[in-house]
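The values are calculated or read from the model by the stated rules, or taken from the named source; none is laboratory data. Fair warning: this is a prediction, and the values are worked out from it, not measured in the lab. Neighbour counts are summed over all protein chains in view; Cβ atoms, including those assigned to glycine, are modelled from backbone coordinates with ideal geometry.
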Amino acid sequence: MQPQVDVKNQVADLILGELKHNAIIQSSYVWALDHGIPHHTVIGVLKSLEAKCIASIEQKTFIITELTQQGLDVLQNGSPEALLWKQIGNRQLSPAECSQLLSHMKEETVKAIISSGIKLNYFTVDKSSKAISRKNQEIVDAIREQCQQVSCGKQIDKKDFDYLKRRQYVVQKSITEYLIKPGDKISEYGIAYDTDITEEMLRSGSWKTANFKEYNFLAMGSKILGGSLHPLLKIREEIRMIFLTLGFEEMPTNQFVDSSFWNFDALFQPQFHPARDLHDTFFIEDPAETHAHPADYVLQVKDIHEKGGFGSLGYRYEWKEKESQKNVLRTHTTATSIRMIYALAQEYKKTGKFTPKKYFSIDRVFRNEATDQTHLAEFHQCEGLIVDYNLTLRDLIGTLKSYYERQGLENLQFKPTYNPYTEPSMEIYAFHPKLKKYVEIGNSGMFRPEVLKPAGIPDGVRVIAWGLSLERPAMIKYEVQDIRSLIGPEVPYDFIRSNPICRINK
Ligand code: FB9
């Protein structure tokens, strides 16, 4: 194994040799690929050459698209739909037999593959027996062909590309690279200077002919680096202070895994809602289920979904307790909000006294979404809620004005929207002075009786709530275009070290 110093010197020699002839290297990333040297090694050498003014570098960012391991499997073996089509042959198989053929996959995944294969005209389903068979004796594996095109760097239709991203066959990465030019002192590279006068030099007198590097009185001392707060943590502290100043109590949200009961069912989100699908939610394999839910609450929730009540018609479908027991990575901190609301109702049941409350939470939530410039599979949700008697939409709007003005946002505009657990629901907009345009700054609503009544909240008590993220304000505040330059393994250290303190209302 060659010592690191030798490798770095060799890389430096190669780079400077090229600079002395071509005067510029456009892309450190391409140069590293052409020379078979890890890009991070080249960057390390460039930083060292830049510090000595031997090279001058300019940072650039670009996006590359690659196949994931699943995408490479599809490229090698074909899409799951095409594999199932091959294995079915001329038989008619039940969904359970198809699951056996794809036994390494989860039941939900096989279901999704069958439905996708039907859409692609690979399969046909017998209406009475539900048996699955081939629709055509020949098929074109379109998903595999699209993966092939992506792997060759070819553009494909955006709709197809987004579908490959949703299936997690392709991933886009933001690459930070450097344009390299000769530095002011490139001519000094390679000259061996004596930098210290040693005892041996003084005794032997060799100091008289030594080649000392001239003393640079203007040299800055090496930067003393202390710790730096990540911009998200700065924004989080600002938002936390706003809630605390407004008299809100922080909820205990340190629970990333929750049951579907708390994350969806107790919030009146029907079990057939697409957001509960595998493509939108991360399901936990182990432990896969939670069974400890309050029995009477489960019955109340079952009833409200199936038959309605309290003036609601419900969704009139067969609600399955098994579905509510599946563990998920929570998709919103509202899973904790409903737990807090339920606890208040339990306290009321015990004491006959209801205590109004103001709660907030700021914590990570997870959604099985394709990542792109503005979305990751996880983000931070900030949520505020007030539980009190006779709250109205006017109280919600007034509370939102009090909250957002502390974020420097005024003249709020509201647009009706839909949330399964609130009615009415409103998207919130404000004119952003820096961006000079209206920006969506959150979502809000009044909790429905179908959520509050099964939880045991007494008549007359209502809940108003709203939510926003940390990432969006942080991206606007720190002028970040790509969210992957704000969070994740590709965030440059300098970005974290150099960003200013955060005054969220400035
Ligand atoms: O944060 C968002 N926008 C925002 C917020 C502050 C801000 O400050 C600037 C410095 C001045 C700027 C922008 N949004 C919510 C709106 C959009 O960015 C949206 O496209 C993305 N949303 C996220 C969810 O996306 C999957 C932001 C996130 C979000 C959305 C809704 C809620 C929470 C977070 C909620 C809720 C809710 C509703 C009713 C009851 C309880 C909770």
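For this structure, a couple of remarks:
- Checking each residue in segment 77-100 for being charged (D, E, K, R) and under 13 Å from L120 (Cα atoms) picks out only E81.
- Scope segment 478-506; condition in a helix (DSSP H, G or I), among the charged types (D, E, K, R) and more than 23 Å from G226 (Cβ to Cβ); matching residues: R484
- Picking from residues in segment 456-477 that are in contact with a Lys or Arg (Cβ under 8 Å, 6 or more places away or on another chain) and outside any helix (DSSP H, G or I), the one that is farthest from the ligand (Cβ to nearest atom) is G456.
- Of the residues making up segment 160-184, those that are among the aromatic types (F, W, Y) and either part of a loop (DSSP other than H, G, I, E, B) or not assigned by TED's automatic domain parsing to the domain that holds L19 (or both) are F161, Y163, Y169.
- Test result for I487, surrounded by 15 or more Cβ atoms within 10 Å (Cβ to Cβ), more than 10 Å from the ligand (Cβ to nearest atom) and either in the same structural domain as Q373 (by TED's automatic domain parsing) or without any contact (Cβ under 8 Å) to a residue 40 or more places away in the chain (or both): yes
- Complete set of residues in segment 348-377 that are without any contact (Cβ under 8 Å) to a residue 60 or more places away in the chain and buried (at least 17 other Cβ atoms within 10 Å of the Cβ): V365
- Unmet criterion (only one of (1) modelled with pLDDT under 95; (2) under 22 Å from the mean Cα position of the chain (by Cα); (3) among the hydrophobic types (A, V, I, L, M, F, W, C); (4) near the ligand (Cβ under 10 Å from one of its atoms)) for V480: (4)
- Lone qualifier among K453, K434 - being assigned to a loop (DSSP other than H, G, I, E, B), touching a residue at least 24 places away in the same chain (Cβ under 8 Å) and either closer than 30 Å to K349 by Cβ or basic (K, R) (or both): K434
- Scanning segment 268-280 finds one or more residues that are within 19 Å of D459 (Cβ to Cβ) and part of a loop (DSSP other than H, G, I, E, B).
- Of all residues making up segment 433-450, the number that are under 16 Å from Y421 (Cα atoms) and more than 6 Å from the ligand (Cβ to nearest atom): 5
- Residues in segment 317-339 that are buried (at least 19 other Cβ atoms within 10 Å of the Cβ) and either among the β-branched types (V, I, T) or within 16 Å of the ligand (Cβ to nearest atom) (or both): V328, L329, R330, T331, H332, T333, T334, A335, T336, S337, I338.
Every residue, every condition in (1) in contact (Cβ under 8 Å) with a residue 12 or more places away in the chain; (2) outside the structural domain of D296 (by TED's automatic domain parsing), yes or no:
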position	(1), (2)
I186	yes, yes
T195	yes, yes
T198	no, yes
R203	no, yes
T209	no, yes
F212	yes, yes
M241	no, no
T253	yes, no
V257	yes, no
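- Condition check for S498: within 20 Å of the chain's Cα centre (by Cα) and either within 28 Å of V298 (Cβ to Cβ) or more than 15 Å from the ligand (Cβ to nearest atom) (or both): no
- Just one of the numbered conditions (1) under 24 Å from the mean Cα position of the chain (by Cα); (2) within 27 Å of L344 (Cβ to Cβ); (3) aromatic (F, W, Y) is not true of F283: (2).
- Filtered residues of segment 378-428 (kept if surrounded by 14 or more Cβ atoms within 10 Å (Cβ to Cβ) and part of a loop (DSSP other than H, G, I, E, B)): L391, R406, Q407, G408, L409, L412, P420, Y421
- Within segment 378-425, the set of residues being within 9 Å of the ligand (Cβ to nearest atom), over 20 Å from D363 (Cα atoms) and in contact with a Phe, Trp or Tyr (Cβ under 7 Å, 6 or more places away or on another chain) comprises T422, S425.
- Verdict on E405 being over 26 Å from the mean Cα position of the chain (by Cα), in the same structural domain as T331 (by TED's automatic domain parsing) and either of a type outside the set (G, A, S) or at positive phi (or both): yes
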